[in-house]
Amino acid sequence: MAKNKKDELGKGLRALISNIDKKPVQEETSPAVSSASVSDILIKYIEANPFQPRTEFNQEELLELVQSIKVNGLIQPITVRKLSEKKFQIIAGERRFRASKLAGLKTMPCYIRSIEDEAVLELALIENIQRSDLNPMEVAISYKRLIDELRYSQEELADRVGKKRSTVTNFLRILKLSPEMQQALKTKSISMGHAKALLSVEEPSRRNSIFNQILSQGLSVRAAEALVKELKADPSSPKPKAAIKNDALSVQIRHLETKVSEQLGTKVRINRNHQGKGSIQIQFNSDDMLSDIIEYFE
């Protein structure tokens with residue numbers, strides 16, 4: 001008796017779901033459609049959701065989930081809808097689906113729902129917006145799809161996703177940025193704060209100039225806002241005064257980097273912020289190379 005109890009405890013988290021009503025889907029059978037029960041469905045019968053707003057999945061986090069599934073199994077079922085006898089489409093849980101496939105599972109637990117395409121789109125988009133770490137562009141595109149395809153007003157959308165209307169508006173506005181700026185948002189090279197500062201500059205060339213400074217000098221949001229403020233204070237200037245000065249310094253710095261790199265025979269990087277502070281990085285690959293660099297400066 002003691003041994004049986006120990007074995008049961010050893011099942012860990014899997015023991016907690018052992019009494020859930022599971023209905024395995026065999027090769028030639030299909031599960032009963034139910035919103036409450038959980039059914040084991042063959043992975044080969046499951047397909048991704050074409051309305052999935054997430055376009056990129058963090059590979060490291062995905063592999064961590066794969067390892068967890070190999071050890072503990074899939075604890076949280078995904079949600080699917082039934083398309084036919086042997087075809088199911090993911091509503092929510094694509095990351096878990098991908099990880100389960102990588103972990104080598106043949107079946108996975110699923111909640112099965114029967115809903116129309118429009119409801120699938122809304123569920124998939126809202127579930128991801130609220131629960132996933134989407135980058136700003138993915139959120140903005142999801143909001144735009146909900147407005148375009150489900151005919152929501154911005155106010156209705158804000159209510160549906162539990163956000164302020166101003167938040168929804170700000171995300172939609174970033175879709176007006178140039179492709180380069182949108183890519184920077186996607187890779188998180190700039191933040192939503194930077195994007196808001198850039199959007200307050202109407203003239204494209206001036207906006208692009210400030211964007212380039214943000215990237216090249218690693219400007220904070222506050223620094224970017226200061227550049228924009230200076231531009232608006234002197235609208236006759238083709239560039240902010242600080243931008244003219246910093247552009248000239250940037251050219252000089254890049255020239256100095258090249259010159260020192262050639263002298264030392266290695267890569268040299270000079271970093272400077274808008275306040276004039278910074279650092280010089282000299283790359284070396286061995287103790288001998290470091291000795292040569294030290295000898296050069298002695």
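Computed from the coordinates by the stated procedures, all read-outs in this text should not be read as laboratory data. Please read all numbers here as calculations on a predicted model, not as lab measurements. Here Cβ is always computed from backbone atoms with ideal geometry, including for glycine, and neighbour counts include all displayed protein chains.
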- Query: Which whole-number percent is the relative contact order of segment 134-177 (Cα, under 8 Å, 6+ apart)?
  - Reply: 48
- Message: I'd like the GluC sites (Glu not before Pro) in segment 194-233 restricted to DSSP loop residues with at most 16 other Cβ atoms within 10 Å, sorted by number.
- Response: GLU202
- Among LYS163/LYS196; LYS164/LYS277; LYS101/LYS196; LYS229/LYS267; LYS164/LYS186, the pairs whose Cα-Cα distance exceeds 29 Å are LYS164/LYS277; LYS101/LYS196; LYS229/LYS267
